[in-house]
Each structure stands twice: as C-alpha cells, then as structure tokens.
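The numbers here are math on the coordinates, done by the rules we state, and not lab data. Keep in mind the model is a prediction, meaning the values are calculated, not measured. Virtual Cβ from ideal backbone geometry, glycine too; neighbours counted across all protein chains shown.
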Amino acid sequence: MYYDPTTLVTIVTQDTAGNQGWTSISNSYDPLGFLVARVTEMDNGSTQSETFFGPQRLSLTVTDSAANNASWASRTTEWDWMGNKTTRTTVEDDGDVRIENFDVVTGNRIARTEIDHTDSKGWYSKSTFYDATGKIKIGSERVTDSGRIDAMTFDEATGARSSRTITDGGDEHSWHSISTVFDVNTGKKTEQTTVQDDQSSETLEWVNGKLTVRTEVDGTADAFEWHSRETTFDTTGKVAQIREIEDDGDLVVQTYAGGTLIEQTTYDNAGTEAWHVEQVSYDAAGDVVETQYFDESGAILIV
C-alpha cells in the first residue's frame with residue numbers, strides 16, 4: 001500500500017490538572033503508526049523536541065525557558081540508528097555555539113568546536129580534536145575573522161606538534177598556504193610547502209636541520225619555461241643536482257660537484273630532436289669539454 005511519508009498524524013496531550021511537570025506533549029506518527037517526533041512543553045517554559053527512527057531516538061533538543069534556568073539557550077544531542085551518541089550542539093545565551101563530536105565505539109568526545117557568532121573574540125571558530133580515548137589531543141584548527149585558517153596536528157605518543165598548515169583564506173598575502181612538517185622528537189622542520197596564489201609551489205626538505213631538497217612547481221601564470229624543478233644539495237649545502245621537467249615534457253638533468261656544473265643531460269621526451277639524449281660535459285671553468293648524442297636504445301649518434 002502506498003503512503004506519503006511526509007504525512008504525519010499528531011496527537012496532543014495536555015496536563016490540564018497540572019499534576020505533571022509538563023503542560024503538553026505532542027506525538028507525531030507516520031502513516032504506519034510509528035512515532036517519529038515528540039515535542040514536550042515543560043511547566044517552566046522550556047521545550048524538549050525529539051525525533052525517532054523506530055524505537056531509537058535520533059535527536060533531542062532542549063530549549064531553555066524564558067526564565068533562563070540554564071547557561072545556554074538550547075542543546076541538541078544526536079544519535080545514530082544504533083543508539084550511539086554522535087554529536088552535541090550547544091547554543092549559548094549570547095548566541096555563541098559549541099559543537100562536540102563523539103566516537104561511536106568508545107563514546108568519548110573526539111572533537112570540540114567553538115563558533116564566535118557574537119564576534120567578541122579575535123577568531124571565528126576554534127576546534128580541538130582528540131584520539132578515541134578523548135584524552136590525547138591530536139589536532140587543532142583556528143579560523144580567524146579574516147578567514148585565515150591555522151591547523152595543527154600532534155603526535156599521540158609525545159604530544160609534540162607534528163604539522164602545521166596556514167591557509168590565507170582572507171587573501172592577505174601573496175601565498176595561499178604554508179604547510180610545515182616537524183620532527184616530533186627535536187621540533188625541527190623536516191618539510192615545508194608554500195603554495196602561492198597562482199598555484200605555483202615550493203617544497204623544502206631537511207634532514208637533521210640541513211636543507212637536502214627543494215622542489216618548485218610552476219603555476220597558472222606559467223612564469224618559467226619549466227613545469228617543475230627539483231634541486232638536491234650535498235652535505236655541505238652546495239647544489240648536487242637539478243632536475244627540470246620543461247613545459248614541452250623534456251627532462252633536463254644538471255649534475256654538480258662541489259657546487260660546480262660538470263654535466264647536463266637532456267632527454268627529448270617531446271620528440272622534436274633527431275636525438276633522444278644529449279649529454280654535455282663541462283670543465284671547472286664552465287667550458288664545454290664534450291657533447292654526445294644517443295638514440296632511444298642508448299647507441300651513440302653522430303649529429
């Protein structure tokens with residue numbers, strides 16, 4: 001039999017004798033007779049609104065009375081269809097909002113978000129994230145009034161900061177985001193990626209505090225003739241190798257010794273040359289010593 005699930009039957013019970021703690025209860029049923037909603041008006045003026053799925057309550061919203069008996073204006077708790085608490089949202093008397101999330105297995109709070117609707121603070125929202133025990137902080141996020149987002153993660157074992165990402169949501173800077181990874185034992189940077197507004201990026205990698213790799217990617221402005229460039233450094237901090245992928249797909253590899261260019265190898269991936277590989281050797285003064293060409297099989301060509 002077809003029925004319209006949006007058509008509800010509501011039955012209102014009123015405490016005309018004043019013997020109960022409530023003044024009225026409104027129960028709403030679907031066409032099959034299942035309770036789907038209940039609204040209870042309490043004697044003190046507060047309201048309790050509930051929704052159901054079969055025998056399981058899905059949500060409960062308590063609205064404070066005009067007498068302001070609670071420190072908040074409303075509080076909503078939600079459960080999944082198996083009865084596990086998932087979220088609780090509290091609207092404070094001043095309009096600020098607090099949202100809490102819970103682990104459906106342990107029941108512990110795993111996230112807390114505060115929203116500054118009254119604009120009385122220097123931030124719009126502030127969130128803290130916890131592990132399944134609800135005791136160890138594993139992350140945080142702060143959104144400022146200007147739209148800047150500052151997100152951090154923390155190591156569960158040490159509690160030390162493991163990463164930080166700042167996103168320029170208010171477009172106050174020439175960059176869009178800066179993401180940094182930290183060694184949780186020393187606190188030193190191990191990697192940092194800066195993404196500019198034109199989507200170009202630079203990633204720096206460190207080992208024991210020393211810069212080892214710099215990777216650059218060209219952006220939408222196409223400011224360079226290459227799409228990406230990776231520079232590696234030796235233990236003294238001098239350039240050891242540069243690998244460039246050109247806009248046409250060619251690969252250029254430059255090899256250095258003590259910071260001095262000694263060889264450049266170009267791979268004709270675009271297929272525009274008579275050779276597949278060009279290898280140029282240089283002396284200490286930077287002059288060309290030898291140029292060799294190879295086909296795709298590695299055989300030397302005479303060009």
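The residue list Ser71, Val143, Asn108 was ranked by how far each Cα lies along the charge dipole of the chain toward its positive end, using unit charges on Cβ atoms, and Ser71 comes out on top.
Semi-axis lengths, largest first, of the ellipsoid equivalent to the stretch 24-127 are 27, 20, 10 Å, with √(5λ) applied to each eigenvalue of the Cα gyration tensor. Normalising the average separation of contacting C-alpha pairs (under 8 angstrom, six or more residues apart) by the number of residues puts the relative contact order of the stretch 1-124 at 12 percent. Each residue, Gln241 and Ser71, gets one label point 7 Å from its Cα in the Cβ direction; the gap between the two is 6.0 nm.
Taking amide H as placed 1.01 Å from N in the peptide plane, the amide H of Asp250 sits under 5 Å from that of Asn269, Ala270, each at least 5 places away or on another chain. Entry note, the stretch 1-58: relative contact order of 25 percent, from Cα contacts under 8 Å with a spacing of 6+ residues. Dipole orientation for the stretch 1-58: of the candidates Ser26, Thr40, Phe52, Phe52 has the Cα lying most toward the positive pole (charges on Cβ; Lys, Arg +1; Asp, Glu -1).
Per-residue 3J(HN,Hα) values for the stretch 101-116, derived from phi via the Karplus relation 6.51 cos²θ - 1.76 cosθ + 1.60 with θ = phi - 60°, read 10, 10, 6, 6, 8, 8, x, 7, 6, 10, 7, 9, 10, 10, 10, 8 Hz in sequence order (x marks Gly and Pro).
Using only side-chain charges placed at the Cβ, +1 for Lys and Arg and -1 for Asp and Glu, the dipole size of the chain relative to its Cα centre rounds to 2200 debye. Dividing the Cα radius of gyration of the stretch 1-58 by its Kirkwood radius returns 1.06 for Rg/Rh. Could you work out the longest stretch of the chain that avoids the GluC sites (Glu not before Pro) located in DSSP loops with at most 16 other Cβ atoms within 10 Å? Counting at most 16 other Cβ atoms within 10 Å as exposed, the longest clean stretch of the chain is 1-155. Summary value for the stretch 69-208: 11 percent relative contact order, contacts being C-alpha pairs under 8 angstrom separated by 6+ residues. Between Asp150 and Trp206, take the C-beta separation as r, use R0 = 25 Å, and let me know the FRET efficiency to the nearest 0.05. FRET efficiency, Asp150 to Trp206: 0.70.
Rounded to the nearest angstrom and listed largest first, the equivalent-ellipsoid semi-axes of the chain from its Cα gyration tensor are 65, 24, 17.
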